[in-house]
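The values are calculated or read from the model by the stated rules, or taken from the named source; none is laboratory data. Just so it is clear, the structure is predicted and the values come from calculations on it, not from any experiment. Backbone-built Cβ (ideal geometry, glycine too); neighbour counts: all protein chains shown.
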Amino acid sequence: MLRVMTERPRLAELMACPACGGRLTGPGCLSCRLDFPTVGGIPWMMPEPRIALIEWRGRLHYLLTHYATEAARQRAALEQEPVSGLTRRRLEHGAAALDDQAKRIRELMTPLGLAARNEAHAVHVALGTELPLNQGLSSYYTNLHRDWCWGEEENAAGLAAVMGAMPDGLRPARVLVLGAGAARLAWDLHCAVQPGLTVALDFNPLFLLAARRILDGKMLELYEFPIAPRTIADHAVLRRLQAPTSTPAGLELMLADASSPPFQPGCFDIVLTPWFIDVAGEPVARLLQRINRLLVPGGLWINHGSLAFADGAPGDALSLEELLDALPAAGFARPEAREAQLPYLSSPASRHARLETVITFGARKEQDIEAPVPGRAVPDWLRQSERRCRRCRNSVRNHCQPASTPSCSR
Ligand SMILES: C[S@@+](CC[C@H](N)C(=O)[O-])C[C@H]1O[C@@H](n2cnc3c(N)ncnc32)[C@H](O)[C@@H]1O
């Protein structure tokens with residue numbers, strides 16, 4: 001049975017080390033000798049926090065370089081051949097907006113720090129990056145504007161679908177949203193259901209730092225660059241991002257990798273995966289093990305989104321039938337899935353929008369299953385690196401911790 005909320009659960013009591021799964025002592029794990037920093041007010045719970053910080057700094061540097069290069073290209077186009085007055089207006093507007101966006105992103109991301117010269121992204125890739133390379137800082141960037149500016153209709157439809165997957169009268173105490181992005185659905189659900197605790201988890205710091213500002217009621221303005229702008233002005237639109245009302249207590253943002261969730265087993269009444277399981281970077285079977293493990297007995301996994309497995313092995317690109325069929329073996333009751341055609345990223349400034357047949361279901365946990373292997377699956381050629389120290393990346397030495405939680409004393 002799902003628990004009924006009695007008092008506000010404290011997040012710190014639910015946490016575990018994302019590297020070894022052990023209990024935390026204050027902000028760190030004694031056995032892994034890792035400290036987990038707070039970055040811009042967000043707990044940074046990556047299994048290799050320092051390396052993840054360096055990687056995201058590298059990606060920030062990459063994004064800022066991209067803005068500068070693109071602005072320079074637009075200005076160069078003004079010089080190359082005679083351009084009409086309207087084209088001049090578009091190029092000047094675009095270049096100025098890119099410069100301004102770079103300043104704004106740099107300011108938003110200040111808590112991360114910028115990449116030092118010796119933190120070249122390629123070096124981290126060569127050392128064995130822990131973050132998937134297809135996840136840049138600006139992946140899914142339009143979702144931020146949908147969430148907090150123009151997406152009322154889409155946001156409401158998403159919330160309604162998720163609420164429709166919950167049994168009537170359910171009052172969960174703890175909710176976890178995996179791949180929460182800029183946290184709007186987590187916010188809407190938190191406001192609607194009022195659990196004691198909602199954790200919105202994602203590993204993209206741009207989304208979380210933006211969400212932190214918005215949830216704190218502070219001003220955030222960033223540009224949207226629509227795919228198919230309707231007008232010259234729509235090529236770069238400065239949007240004001242804000243929450244519709246103040247944020248109720250108990251909504252926590254957390255930077256973590258869903259493949260190494262920093263929680264003790266059996267903590268959550270609901271785990272919600274919105275538009276996530278097909279981009280999670282690991283096979284669904286493994287993800288189901290993790291979700292099962294995170295839920296209390298009788299807890300509910302709510303999945304929402306379309307199934308568009310672009311990456312990964314062909315055998316893992318599940319259809320809905322395969323996914324539902326896999327649930328009993330993963331310890332879940334077989335749910336009834338609802339499908340609805342919903343607009344997706346339909347920006348008022350763009351002629352481009354998607355219409356998705358979105359699947360939503362709530363699957364109840366019926367039994368515990370085997371604990372999943374911690375961390376992201378790595379290819380064979382990198383497997384050796386699992387035996388490298390988590391912190392210094394050298395081979396595990398005699399003075400290092402056991403290989404299951406490799407680290408050394410550096
Ligand atoms: C398609 S977006 C959906 C975002 C949000 N749920 C929404 O509906 O707007 C997928 C999200 O999952 C996040 N993500 C992908 N893999 C992740 C992982 N292993 N751990 C945490 N977040 C992840 C991405 O950063 C991104 O925010």
When the residues of region 130-153 are filtered to those that are at pLDDT 85 or above and among the acidic types (Asp, Glu), which remaining residue is nearest to the ligand (Cβ to nearest atom)? ASP147
Given the residues ARG293, ARG351, ARG338, ARG334, which is the only one that is assigned by TED's automatic domain parsing to the domain that holds VAL162, surrounded by 15 or more Cβ atoms within 10 Å (Cβ to Cβ) and either in contact with a helix residue (DSSP H, G or I) (Cβ under 8 Å, 6 or more places away or on another chain) or touching a residue at least 24 places away in the same chain (Cβ under 8 Å) (or both)? ARG293
Mind telling me which of the residues ARG239, ARG212 ends up being in contact with a Gly (Cβ under 6 Å, 6 or more places away or on another chain) and either within 16 Å of the ligand (Cβ to nearest atom) or charged (D, E, K, R) (or both)? ARG212
Does region 305-320 contain any residue that is hydroxyl-bearing (Ser, Thr, Tyr) and surrounded by fewer than 14 Cβ atoms within 10 Å (Cβ to Cβ)? yes
Within the bounds of region 271-287, is there any residue that is within 16 Å of the ligand (Cβ to nearest atom), out of contact with any helix residue (DSSP H, G or I) (no Cβ under 9 Å at 6 or more places or on another chain), among the β-branched types (Val, Ile, Thr) and in contact (Cβ under 8 Å) with a residue 60 or more places away in the chain? yes
